[in-house]
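Here is the structure we will look at.
The values are calculated or read from the model by the stated rules, or taken from the named source; none is laboratory data. All values reported here derive from a predicted model rather than from experimental measurement. Note that each Cβ is placed from the backbone with ideal geometry, even for glycine, and that neighbours are counted across all protein chains shown.
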Amino acid sequence: MEKYGVISVEDNKRFLANCLNETGGFTRFAENGNYTTALRLQQVFPSAFGKPGTVGKNNPVNYLRNEKKLFNLVYDDRKFKKGLGNLYDGDGWNFKGRGAIQVTGRNNYTMLSKRAGIDFVNNPQWLESDQYKFISALDFWNTNKLSQKTTLLGTRQAVIGSSSASPFGYKEVLKWYDKLK
């Protein structure tokens, strides 16, 4: 952890709280796209399905319990410009969130591969393995200089790329953080 800049006790707590949240308490190291309600799809992916109570570009019912179809839609940069680099059929599924901090998208897998010297682009499933499941989180921490963040909120904002005062998942991360304390 020190090699990647997770040094202080506070860094450890903030790092682990985010990892615990992203992995459901270290129970899964690949993003779960097996949604069972249209409402939840709208809450998580409003750009694809519209906000709850509205009609979006796609009918969420058609994506329930179908991870591959869902990720190939919502992570396709040709449909939704997110800068993930997913430009080929199947990229959304192949480069779904994996690892202890869910690295997502062809671009992020490519940059991680270059920095780590490990070919995650051609072997994306490796980020779910015991050998590599924390490397993406450690690399993310180091690359984004998260030790310089002084609060759990600032760390969470960086993890999900939001400046919101209550970023997605913050309440859950706070619970993990409190348990770690």
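A few comments on the model shown:
- The stretch 102-146, residues that are of a type in the set (S, T, N, Q) and more than 18 Å from Phe26 (Cβ to Cβ): Thr104, Asn107, Asn108, Thr110, Ser113, Asn122, Asn123, Asn142, Thr143, Asn144
- Lone qualifier among Leu180, Leu138 - being out of contact with any strand residue (DSSP E or B) (no Cβ under 9 Å at 6 or more places or on another chain) and either over 24 Å from Asn86 (Cβ atoms) or loosely packed, with under 13 Cβ neighbours inside 10 Å (or both): Leu180
- If you filter the stretch 141-174 down to residues that are basic (Lys, Arg) and exposed (fewer than 13 other Cβ atoms within 10 Å of the Cβ), you find that the one that is nearest to Tyr4 (Cα to Cα) is Lys145.
- Residue within the stretch 44-62 that is in contact with a helix residue (DSSP H, G or I) (Cβ under 6 Å, 6 or more places away or on another chain), part of a loop (DSSP other than H, G, I, E, B), touching a residue at least 40 places away in the same chain (Cβ under 8 Å) and under 21 Å from Arg156 (Cβ atoms) present: no
- The residues of the stretch 23-53 that are closer than 18 Å to Lys79 by Cα, under 14 Å from the mean Cα position of the chain (by Cα) and aromatic (Phe, Trp, Tyr) amount to a single one, Phe45.
- Count of the stretch 133-181 residues, restricted to those that are without any contact (Cβ under 8 Å) to a residue 40 or more places away in the chain, under 18 Å from Arg115 (Cβ atoms) and of a type outside the set (A, V, I, L, M, F, W, C), is 3.
- Gly83 meets the conditions (1) at pLDDT 95 or above; (2) on the phi > 0 side of the Ramachandran plot; (3) within 17 Å of the chain's Cα centre (by Cα) in every case but one. The failed one is (1).
- Lone qualifier among Asn59, Asn94, Asn107 - being out of contact with any Cys (no Cβ under 8 Å at 6 or more places or on another chain) and closer than 20 Å to Thr23 by Cβ: Asn94
- The residues of the stretch 158-181 that are under 13 Å from Ala17 (Cα atoms) and not charged (D, E, K, R), listed by number, are Val159, Gly169, Tyr170, Val173, Leu174, Trp176, Tyr177, Leu180.
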